[in-house]
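Working notes, structure below.
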Amino acid sequence: MNLKVLLDEFQYEPEFVRLLSAIEQSGIEIERLVERLALDENTGQLESGNQNTSGDDQKILDVLTNDIMVENLTNSCSCSLLLSEEEDNATIVDTSHSGNYIVAFDPLDGSSNIDCNCGVGTIFSITLDNDKTESVENRVLRNGNDIVCAGYILYGGSTELVIAFKGKGVHQFVLDKQTNEFIHVGALDITDKKKKIYSVNESNSNRWDEDIAQYIRQYRVKESKYTQRWIGSMVSDIHRTLLYGGMFCYPWDERNVNGKLRILYECFPMAMIVEEAGGKAIIAKMSKERVLDIVPSHIHQRTPVLLGSVEEIEKYEKILDNILKNPPNGNGKWIFDRNNGIGS
Ligand code: AFP
């Protein structure tokens, strides 16, 4: 069964089907670019030394993959607004091609891993553009609970497309390069995945606040049966977490006071996918707030994030309850002022 057959089974309307076909087509074109990276000499940074709004040096492939997504999404005549990691502002699709959906995307996540042939990916989320009379800000800076569909494409040993359809579960497809179509291989459900894996960049550990420090410490005690994994591409680390279980975390720290990952095109899509697969996604900054309840104040805003199987997230929540009940240094004064960060 290919993607189109599943969309028909779910009785999605033609505009939505065109939109997902455009994402599928983009995945096929980007897969070819990634596979031929060195052969086509597309490795490395842009000669111009351009940086995107988040201050990341733009790679040649960041721009090429962004162009592919923008072109295919525009030509699908199903999008009104496009939000990309590689564009400073939201793109208003011209009226002759405009549709009813807002798409936020990271065209090439993990691009710092691309030249060493590590798994990278494309991340996307789709929301209905309910009221076009509103300002662009009001239409895009909403919480994530209205996302109707989110997914990612992982360019690894094989190319996989994982899509969460609100209320219809999370579905996994693999690219058949002979027929150039994504074939359905099953539904993903994290509730029965029990592998003992924690995933966090521990090189930041000396700059963590007490809640995260205690949480990660409990995975590392001598008798712990957990192992650590960190690929450094969110798509690869989340894909493993969905298939094996465990947790993924990018907390705030002294250097990344808002965390590192962007809300609209990294954290929201992944939180929607993990929740739809039966997991949990919270901010984990002395807080149990759901990631999808955040109302961003600008399109490239970052947030700390902790997501994975419910069991692993509840371990953090128990530690937080304990910390809040009796702060360790006796006078309630913490190392860092925890209210200085989110939203600023
Ligand atoms: P790049 O797109 O710059 O490679 O960043 C990847 C990423 O946004 C996300 O995919 C990773 O989970 C995270 O950053 C890795 O961050 P560290 O390099 O700090 O571990």
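Some notes on this structure:
- Any pair with Cβ under 6 angstrom, 6 or more apart, that starts in the stretch 32-45 at a residue that is outside any loop (DSSP other than H, G, I, E, B) and ends at one that is modelled with pLDDT under 85 and small (G, A, S): none
- The listed residue being touching a strand residue (DSSP E or B) at 6+ places or on another chain (Cβ under 6 Å) and not in a strand (DSSP E or B), out of Y219, Y215: Y219
Yes/no per residue for (1) small (G, A, S); (2) more than 16 Å from the chain's Cα centre (by Cα); (3) surrounded by 12 or more Cβ atoms within 10 Å (Cβ to Cβ):
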site: V170; (1), (2), (3): no, no, yes
site: F173; (1), (2), (3): no, yes, yes
site: T179; (1), (2), (3): no, yes, no
site: V185; (1), (2), (3): no, yes, yes
site: E202; (1), (2), (3): no, yes, yes
site: N206; (1), (2), (3): no, yes, no
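- Within the span defined as the stretch 234-243, one or more residues are within 10 Å of the ligand (Cβ to nearest atom), out of contact with any Phe, Trp or Tyr (no Cβ under 8 Å at 6 or more places or on another chain) and not aliphatic (A, V, I, L, M).
For every residue, the table says whether it meets (1) touching a Ser or Thr at 6+ places or on another chain (Cβ under 8 Å); (2) assigned to a loop (DSSP other than H, G, I, E, B).
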residue	(1), (2)
V5	no, no
Q11	no, yes
E15	yes, no
A22	yes, no
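- Residue list for the stretch 214-231, filter: touching a Ser or Thr at 6+ places or on another chain (Cβ under 9 Å) and either polar (S, T, N, Q) or at pLDDT below 95 (or both): Q218, Q228
- Consider the stretch 258-289 and keep the residues that are more than 14 Å from the ligand (Cβ to nearest atom) and at pLDDT below 95. The one that is farthest from I92 (Cα to Cα) is M286.
- Candidate set from the stretch 1-39 (those that are out of contact with any Asp or Glu (no Cβ under 9 Å at 6 or more places or on another chain) and of a type in the set (K, R)); member that is farthest from G157 (Cα to Cα): R18
A quick yes/no check of all residues on (1) more than 16 Å from the ligand (Cβ to nearest atom); (2) of a type in the set (D, E, K, R):
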| site | (1), (2) |
| --- | --- |
| E137 | yes, yes |
| R142 | yes, yes |
| D146 | yes, yes |
| A150 | no, no |
| G157 | yes, no |
| G167 | yes, no |
| D192 | yes, yes |
| K196 | yes, yes |
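- Subset tally (residues that are charged (D, E, K, R), more than 12 Å from L264 (Cβ to Cβ) and within 16 Å of the ligand (Cβ to nearest atom)) for the stretch 105-135: 2
- Any hit, the stretch 310-332, residues being within 16 Å of the ligand (Cβ to nearest atom) and crowded, with 24+ Cβ neighbours inside 10 Å: no
- Within the stretch 290-318, residues that are of a type in the set (S, T, N, Q) and modelled with pLDDT of 95 or more have Cβ atoms under 9 Å from residues that are assigned to a helix (DSSP H, G or I) and crowded, with 18+ Cβ neighbours inside 10 Å in these pairs: Q301/I263; Q301/L264; T303/I263; T303/C267; T303/V291; S309/T241; S309/V274, counting only partners at least 6 apart in sequence or on another chain.
Conditions tested, residue by residue: (1) acidic (D, E); (2) crowded, with 17+ Cβ neighbours inside 10 Å; (3) assigned to a strand (DSSP E or B); (4) within 15 Å of the ligand (Cβ to nearest atom).
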position: L83; (1), (2), (3), (4): no, yes, yes, no
position: D88; (1), (2), (3), (4): yes, no, no, no
position: S96; (1), (2), (3), (4): no, no, no, no
position: G99; (1), (2), (3), (4): no, yes, yes, no
position: V103; (1), (2), (3), (4): no, yes, yes, no
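The values are calculated or read from the model by the stated rules, or taken from the named source; none is laboratory data. Just so it is clear, the model here is predicted, and its values are computed rather than measured. We place every Cβ from the backbone using ideal geometry, glycine too, and count neighbours over all the protein chains shown.
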